[in-house]
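Data block below; observations after.
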Amino acid sequence: MLIAVLCVLCVASWAGWAAAESSARALLDQTRQLSQTTRKWSDRTQHLNLTIVDRHGGERHRELTIRFRKYPEDRSRTIVFFESPPEVKGVGFLQWADPHATDEQWLYLPELKRVRKISSGAKRESFVGTDFSYDDLAIISQITDWSDADAHTVLLRDEAVNGQPCHVIEFTPTGKELTYGKLLVWLRADDLTIVKYELYGKDGQLEKILGLGDIRLVGAIPTAFHWEMQNVQGGSRTVVDFTEVRYDSGLDDGTFTQRTLEHGP
């Protein structure tokens, strides 16, 4: 009798887990479908102000421009240029991202007058003194394009963020080599827009929390104009406020090259 009960409990547990996996994939498929239809876009340009707040409350300010273009098979390219203050003006970053393979990243430092490729071992490092790592930049740009081969996904629960109902999905990377052991993502229930990330180390400890707010429609595309990345372990945070976001301005391949990174847009 006891064995029979245990078998029933095991089957019920497995069925619940399988349903959670199926539900997570269904939500991600819906998100992907929206990005390919009513919310489809090819390129994006963002101007933003960035504030780095250290654990003692000291602040550093940056202004930069990000250009992003989508490519076939879920690939994308991003180029970033710092515009102020003078000590970081001209610093550039280039990323060729592939959610199903290895990402390539390069950094340009004007004082060295050369482009440096970011090695896989350096992707955990801070991106130009912010609380974002190079890995974080890749994850944010591609997580909704990960397939079952890239990450195992489970719908953990539903809970509210700032009073808005959300679905919480857990990602456990399997195909991509990342510095994190798992990631949690909060998708708003009404429009499937991401409003929060939690990033956990391979030891299971919470390392960072990224909140996305001030979400506005740019055309038909819900766009977060305010980001805040908290470094839970270090006590610092980086606040990002977008001053302008434009979609489909016609960025071409030449925008996303090492030559452009070195010589400017």
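The values are calculated or read from the model by the stated rules, or taken from the named source; none is laboratory data. Just so we're clear, the structure is a prediction, and the values are computed from it rather than from any experiment. Glycine also receives a Cβ, built like all others from the backbone with ideal geometry; neighbour counts cover every protein chain displayed. Accessible surface is based on the protein model in full, side chains and every heavy atom, while ligands, DNA and RNA are left aside. Shrake-Rupley method; radii C 1.70, N 1.55, O 1.52, S 1.80 Å.
Within the stretch 203-217, residues that are of a type in the set (Phe, Trp, Tyr) have Cβ atoms under 6 Å from residues that are at pLDDT 95 or above and surrounded by fewer than 16 Cβ atoms within 10 Å (Cβ to Cβ) in no pair, counting only partners at least 6 apart in sequence or on another chain. Of everything in the stretch 30-45 that is charged (D, E, K, R) and either modelled with pLDDT of 95 or more or part of a loop (DSSP other than H, G, I, E, B) (or both), the residue that is surrounded by the fewest Cβ atoms within 10 Å (Cβ to Cβ) is Lys40. For the stretch 86-98, filtered to residues that are open to solvent by less than 70 Å² (accessible area, probe 1.4 Å) and touching an Asp or Glu at 6+ places or on another chain (Cβ under 8 Å), the residue that is farthest from Ser35 (Cα to Cα) is Gly92. Working carefully through the options Lys208, Lys202, find the one that is modelled with pLDDT of 95 or more and of a type in the set (Lys, Arg). From the options Lys208, Lys202, the qualifying one is Lys208.
For the stretch 252-265, a residue qualifies if it is among the acidic types (Asp, Glu) and not in a loop (DSSP other than H, G, I, E, B), and the qualifying residues are Asp253, Glu262.
If only residues of the stretch 81-104 that are under 15 Å from the mean Cα position of the chain (by Cα) and not in a loop (DSSP other than H, G, I, E, B) are counted, the one that is farthest from Arg259 (Cα to Cα) is Ala97.
Kindly check whether there is at least one residue in the stretch 219-235 that is in contact with a Phe, Trp or Tyr (Cβ under 7 Å, 6 or more places away or on another chain), surrounded by 19 or more Cβ atoms within 10 Å (Cβ to Cβ) and of a type in the set (A, V, I, L, M). Steps first, please.
As a first pass, look at the stretch 219-235 and keep what is in contact with a Phe, Trp or Tyr (Cβ under 7 Å, 6 or more places away or on another chain): 219, 221, 225, 229.
When the remaining residues are screened for being surrounded by 19 or more Cβ atoms within 10 Å (Cβ to Cβ), the result is 229.
Filter again for of a type in the set (A, V, I, L, M), leaving 229.
Yes, because at least one residue in the stretch 219-235 is in contact with a Phe, Trp or Tyr (Cβ under 7 Å, 6 or more places away or on another chain), surrounded by 19 or more Cβ atoms within 10 Å (Cβ to Cβ) and of a type in the set (A, V, I, L, M).
All of (1) surrounded by fewer than 19 Cβ atoms within 10 Å (Cβ to Cβ); (2) under 30 Å from Gly121 (Cβ atoms); (3) touching an Asp or Glu at 6+ places or on another chain (Cβ under 9 Å); (4) of a type in the set (D, E, K, R) hold for Lys202 with one exception: (3).
This table checks each residue for (1) among the β-branched types (Val, Ile, Thr); (2) touching a residue at least 12 places away in the same chain (Cβ under 8 Å); (3) touching a Pro at 6+ places or on another chain (Cβ under 9 Å); (4) open to solvent by 10 Å² or more (accessible area, probe 1.4 Å).
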| position | (1), (2), (3), (4) |
| --- | --- |
| His100 | no, yes, no, yes |
| Gln105 | no, yes, no, no |
| Val115 | yes, yes, no, yes |
| Ser126 | no, no, no, yes |
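What about Asp54, is it among the charged types (D, E, K, R) and either crowded, with 18+ Cβ neighbours inside 10 Å or farther than 19 Å from Ser133 by Cβ (or both)? No: the conditions fail for Asp54. When the stretch 132-161 is filtered for residues that are closer than 15 Å to Trp227 by Cα, without any contact (Cβ under 8 Å) to a residue 60 or more places away in the chain and surrounded by fewer than 20 Cβ atoms within 10 Å (Cβ to Cβ), only Val161 remains. Those residues that are among the polar types (S, T, N, Q), touching a residue at least 24 places away in the same chain (Cβ under 8 Å) and open to solvent by 30 Å² or more (accessible area, probe 1.4 Å), I need them from the stretch 162-193; list them, please. Of everything in the stretch 162-193, those that are among the polar types (S, T, N, Q), touching a residue at least 24 places away in the same chain (Cβ under 8 Å) and open to solvent by 30 Å² or more (accessible area, probe 1.4 Å) turn out to be Asn162, Gln164, Thr174, Thr179.
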